[in-house]
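Each value in this text was obtained by applying a stated rule to the coordinates, not by laboratory testing. Note that the structure is predicted; figures quoted are calculated from it, not measured. Here the Cβ positions follow ideal geometry from the backbone for every residue, glycine too, while neighbour counts run over all protein chains shown.
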Amino acid sequence: MKHQLLLATVLLGAPLAHAATIEVKMLNRGEGGAMVYEPDFVKLAPGDSIKFLATNQTHNAASMPEIIPAVAKPFMGKIDEEIAVTFTEPGLYGIKCLPHYAMGMVMLVQVGDAPLSALQVPASVPAKAKKRLQDIAARGGQQ
Ligand SMILES: [Cu+2]
């Protein structure tokens, strides 16, 4: 009986132990220029999370309806809200800051093995945001 309890504890604990949380700063200015997420690219395994830090004020993090796996749940943080988002569905996710979307404040999240070459940025996305997303994909996610 004692052994069975121990085994159950270990099995339940296993997924939590392996899930990672990556911190992303929301900044007025970073190495990538003005109005940036830092880092602006994150690669995750399904079940990993990102915590968006309100390092500077007047930013938020929201999923882009144009770039999200069809089965994934959209999210929208409030301005200055630090949110932790768990990404369970494999695929590519575009993240945007609503006040600075037109200034190109976006980032890309790759979950699982979804190829960056599959990124499709529709014409409805503002030019600076589109360019930043395409630049991230072109450099293969490297800084
Ligand atoms: Cu912003």
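If each of Phe75 and Ala34 carries a label point 7 Å out from its Cα toward its Cβ, how far apart are those two points in nm?
Inter-label distance under the simple model: 2.9 nm.
What ranking do Phe52, Phe75, Phe41 get, fewest neighbouring Cβ atoms within 10 angstrom at the top? Mind showing how you got there, number by number?
Details: Phe52 25, Phe75 16, Phe41 20.
The order, fewest Cβ neighbours first, is Phe75, Phe41, Phe52.
For an R0 of 35 angstrom, estimate the FRET efficiency from the Cβ-Cβ distance between Ser49 and Ala127 and round to the nearest 0.05. Please report the intermediate quantities before stating the final value.
Values: r = 31 Å, r/R0 = 0.88.
With R0 = 35 Å, the Cβ-Cβ based efficiency is 0.70.
Quick one: check the C-alpha center-to-center distance for segment 25-97 versus segment 111-130, whole angstrom.
Spelled out, the Cα-based centre of one part sits 14 Å from the other.
Arranged by the count of other C-beta atoms within 10 angstrom, fewest first, what order do His18, His100 take?
Working: His18 10, His100 20.
The order, fewest Cβ neighbours first, is His18, His100.
Once fully extended, how much extra length lies between Gln57 and Thr88, figured as 0.36 nm per residue of separation less the alpha-carbon to alpha-carbon distance? Before the final figure, lay out each step's value.
On the way: separation 31, 0.36 × 31 = 11.16 nm, distance 2.83 nm.
Taking Gln57 through Thr88 to full extension adds about 8.3 nm, to one decimal.
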